[in-house]
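S.K.: Here's a structure for you.
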Amino acid sequence: MVFLPENIFAKIIAGELPCEKVYEDELVFAFRDIAPKAQTHVLICPKQAIVTARDVTLETVPVLGHLYWAAKQIADELDLEGYKLHMNVGEAGGQVVPHVHLHLLSSDYESVL
Ligand code: 5GP
């Protein structure tokens, strides 16, 4: 796996690249994963360009918490009974896109990401 130099999620959030949007509020933007590992696989991103969860500071930590709030809204909206929330942190942690994102997977997920 290669940590991409380009932040494609920033371009999706800015509307410069297409996506299947499922949720948006003032802090968060969420869209369906292009290569889903479950029937429902949503990526939940802060609008603020934070590279990894390790780059979060005391000032930006509420943004990270907001990802979990958005996950609840999406799970309720999609009527998911149970789900998995997963985050890869850094290249060695399996993160490919250099913009913090939470994976929301329905309970039929195929594999650990
Ligand atoms: P990571 O490994 O960084 O935690 O997860 C990146 C995720 O982004 C992968 O599950 C991958 O399928 C998804 N992805 C990569 N490029 C795109 C894209 O252009 N559009 C969408 N919707 N998902 C993408």
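S.K.: May I ask you to say which residue of Glu6, Glu16, Glu26, Glu20 is within 16 Å of Pro98 (Cα to Cα) and either of a type in the set (Asp, Glu) or at pLDDT 95 or above (or both)?
M.R.: Criteria check complete, one pass: Glu6.
S.K.: Next up: Filtering the stretch 91-110 down to residues that are in contact with a Lys or Arg (Cβ under 6 Å, 6 or more places away or on another chain) and open to solvent by 10 Å² or more (accessible area, probe 1.4 Å), which residue is modelled with the highest pLDDT?
M.R.: Tyr109
S.K.: Here's a follow-up. Provide a single number: the residues in the stretch 9-55 that are near the ligand (Cβ under 9 Å from one of its atoms), in a strand (DSSP E or B) and without any contact (Cβ under 8 Å) to a residue 60 or more places away in the chain.
M.R.: So the answer is 2.
The values are calculated or read from the model by the stated rules, or taken from the named source; none is laboratory data. Bear in mind that the values here come from a model prediction, so they are computed numbers and not experimental data. Because the Cβ atoms are built from the backbone with ideal geometry, glycine has one as well, and the counts that use them run over all protein chains shown. In case anyone asks, the SASA skips ligands and DNA or RNA and just uses the protein heavy atoms, side chains included. Shrake-Rupley method; radii C 1.70, N 1.55, O 1.52, S 1.80 Å.
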